[in-house]
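The structure under discussion appears below in the form of structure tokens.
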Amino acid sequence: MGVCISTTQRDMLWCGTVTQQTAHKNTMVICVLGRYLLKSSLCSRSWCRKSSLYSAGHGFQPEEIREKLRAYPGGAVDLLTQGDTGLAVLTVNNPSRMNAFSGAMMVELEERVSQLESWTQGKGLIVRGAAGTFCSGSDLNAVRAMSNPQDGMKMCMFMQDALTRLQRLPLVSVALVEGRALGGGSELSTACDFRLMTPDSVIQFVHKHMGLVPGWGGAARLVRLVGDRHALRLLGGALKVDPELGLRIGLADGVLEEGAPQDGDEGAALRQAEEWLSRYTKGPAEVIRAAKRVVSSGRELPLTEALRAEKEVFGTVWGGEANLGALAGKTKHK
Ligand SMILES: CC[C@H](C(=O)O)C(=O)SCCNC(=O)CCNC(=O)[C@H](O)C(C)(C)COP(=O)(O)OP(=O)(O)OC[C@H]1O[C@@H](n2cnc3c(N)ncnc32)[C@H](O)[C@@H]1OP(=O)(O)O
């Protein structure tokens, strides 16, 4: 049993699902958590809650930004969750513009991330583009209309927030890169844990050619993925990263097999990606989700805090169903 001390209304709600003890309204609530909540709840460290990256103090007014972005319609961001496998597929869907993100799609992306944050049985996520190509970044029509500094900052904070929350989901995520991942599309791919590329695909940080640097968090994530020198080469040279280069510098984690689209089978790459991901998502959801949480905290936090976060997550699986089941058998790791 663990003890949770919460101060916000939302925390009260989370605790309220299992607690037998709640205190007076508007006062600190001390709730005794059962195993169930410990296993299924979000990590209690503030960095991995459903909290936003920015606050009003940074000029971040999400509802105002959503309204502004919705003025640029087109396309969709689709989410399919599979209860039986614990896999979800997020599809950036705007094929007539090579899956560029309209403003409305940015808002939809954030909504889909919110849905995934609440999906407690999920284990894996595939992020892909519709019709055989990944994503060509921001819709240039929206970019042109929002090219003043104030709107740029708003869009930047909104997308950084959405993609950071996507990266922090307790799901093992993979970007399935077919065709092109350009500009904001290349940034989206870095918000996933892994990147799989089809043989003819290209990831390109084209920002330099647009007189820009990444603004959706892509530079910070790229440096962590490939190191500062490769990151500088990719950004400074706007290099085209094909699968061979991607594998060599550690941006790509695998290359899928040739041939599927010519056979008229558009779903083949997705099936390959599902198969690839399944090796990391086999097993109980609480264990897979815990693994992702300790990796997220290790990735983002200073060591002392990461160790404390790891201890918390460890507490959610120690003595849990999967752990006790494993201990009950004769264990041999061959
Ligand atoms: C840079 C920062 C910013 C961010 O991080 O937020 C961005 O992402 S800005 C956007 C960066 N991306 C681009 O600049 C992509 C520009 N487009 C291309 O290079 C090409 O269109 C390409 C390579 C994606 C596809 O070339 P292809 O010859 O195969 O097809 P088309 O050029 O005929 O494209 C089909 C159709 O899609 C439209 N399109 C493509 N990308 C975008 C986009 N990002 N925004 C709006 N529209 C886009 C293209 O204009 C064509 O439309 P059509 O009406 O047929 O002319």
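The values are calculated or read from the model by the stated rules, or taken from the named source; none is laboratory data. Computed from a prediction, not measured in an experiment: that's the story for all the values here. Positions of Cβ are generated from backbone atoms using ideal geometry, with glycine treated the same way; all protein chains shown enter the neighbour counts. Side chains included, ligands, DNA and RNA excluded: accessible areas come from the protein's heavy atoms. Shrake-Rupley method; radii C 1.70, N 1.55, O 1.52, S 1.80 Å.
Cβ-Cβ distances below 6 Å connect the following pairs, each with a first residue in segment 117-133 that is assigned to a loop (DSSP other than H, G, I, E, B), a second residue that is away from the ligand (no atom under 16 Å from the Cβ) and modelled with pLDDT under 95, and a separation of six or more residues or different chains: 120/40.
Count of segment 143-152 residues, restricted to those that are farther than 23 Å from residue 189 by Cβ and surrounded by fewer than 16 Cβ atoms within 10 Å (Cβ to Cβ), is 6. Contact map, segment 199-227: residues that are at positive phi paired with residues that are assigned to a helix (DSSP H, G or I) and of a type in the set (A, V, I, L, M), Cβ distance under 9 Å, separation 6+ or inter-chain. Pairs shown: 217/159; 217/163; 227/249.
For segment 106-142, a residue qualifies if it is open to solvent by 50 Å² or more (accessible area, probe 1.4 Å) and of a type in the set (A, V, I, L, M), and the qualifying residues are 131, 140. Candidates in segment 45-63 are the residues that are among the hydroxyl-bearing types (Ser, Thr, Tyr) and modelled with pLDDT of 90 or more; of these, the one that is surrounded by the most Cβ atoms within 10 Å (Cβ to Cβ) is 54. Going residue by residue through segment 73-91, is there one that turns out to be more than 16 Å from the ligand (Cβ to nearest atom), of a type outside the set (Phe, Trp, Tyr), open to solvent by less than 50 Å² (accessible area, probe 1.4 Å) and part of a loop (DSSP other than H, G, I, E, B)? Yes, segment 73-91 contains a residue that is more than 16 Å from the ligand (Cβ to nearest atom), of a type outside the set (Phe, Trp, Tyr), open to solvent by less than 50 Å² (accessible area, probe 1.4 Å) and part of a loop (DSSP other than H, G, I, E, B). Just one residue in the set 322, 252 is modelled with pLDDT of 95 or more and under 18 Å from the mean Cα position of the chain (by Cα); that residue is 252. Restricting 188, 235, 163, 212 to residues that are in a helix (DSSP H, G or I) and more than 14 Å from the chain's Cα centre (by Cα) narrows the list to 235.
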